[in-house]
Amino acid sequence: MSLGGQFYMSPDRARPSGSIKPRTYRKKGRKEYISASKSKRMSTSKGRRILRLQLGYLKRNLGYIDVLSKEVGLQILKPKVYKELLVITELYRQRKTMFDRRVKRIDD
């Protein structure tokens, strides 16, 4: 059910001066996922609800990164972090497709 690891970009380096910090819901999303994963048997509807929330949080975060990349550019990212960003973006696309189609596998 996990969507991949999180990566950290220093907010001071990424944001232009004067802009406000975007909302991430990282703690809330982690709390919801852990509470659901601790259940002995998770129903399909509950699993889909948690996955939908996680995908929504990830979409919001990727949107913030997209806006920041237009303002600052992705050149400030280290190569490893840039690669992780590409992987997370592709993972999001695949998981969203699987969620929408209600399937458990995806053709590349």
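Cβ-Cβ below 8 Å, separation at least six or inter-chain, first residue in region 16-30 and closer than 16 Å to residue 64 by Cα, second modelled with pLDDT of 80 or more and hydroxyl-bearing (Ser, Thr, Tyr): which pairs?
22/64; 24/57; 24/64; 25/57; 26/57
Yes or no, residue by residue, for (1) at pLDDT 95 or above; (2) assigned to a helix (DSSP H, G or I); (3) exposed (fewer than 15 other Cβ atoms within 10 Å of the Cβ):
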position: 63; (1), (2), (3): no, yes, yes
position: 66; (1), (2), (3): no, yes, yes
position: 87; (1), (2), (3): yes, yes, yes
position: 99; (1), (2), (3): yes, yes, yes
position: 107; (1), (2), (3): no, no, yes
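Given (1) on the phi > 0 side of the Ramachandran plot; (2) in contact (Cβ under 8 Å) with a residue 12 or more places away in the chain, identify the lone condition not met by residue 95.
Of everything listed in (1) on the phi > 0 side of the Ramachandran plot; (2) in contact (Cβ under 8 Å) with a residue 12 or more places away in the chain, residue 95 misses just condition (1).
Among the residues in region 74-85, are any under 13 Å from the mean Cα position of the chain (by Cα) and of a type outside the set (Lys, Arg)? Talk me through it step by step, then tell me what you get.
Step one: filter region 74-85 for residues under 13 Å from the mean Cα position of the chain (by Cα), giving 84-85.
Those still in the list that are of a type outside the set (Lys, Arg) too: 84-85.
Yes.
The values are calculated or read from the model by the stated rules, or taken from the named source; none is laboratory data. Every value quoted in this text rests on a predicted model; they were computed, and no experiment measured them. We place every Cβ from the backbone using ideal geometry, glycine too, and count neighbours over all the protein chains shown.
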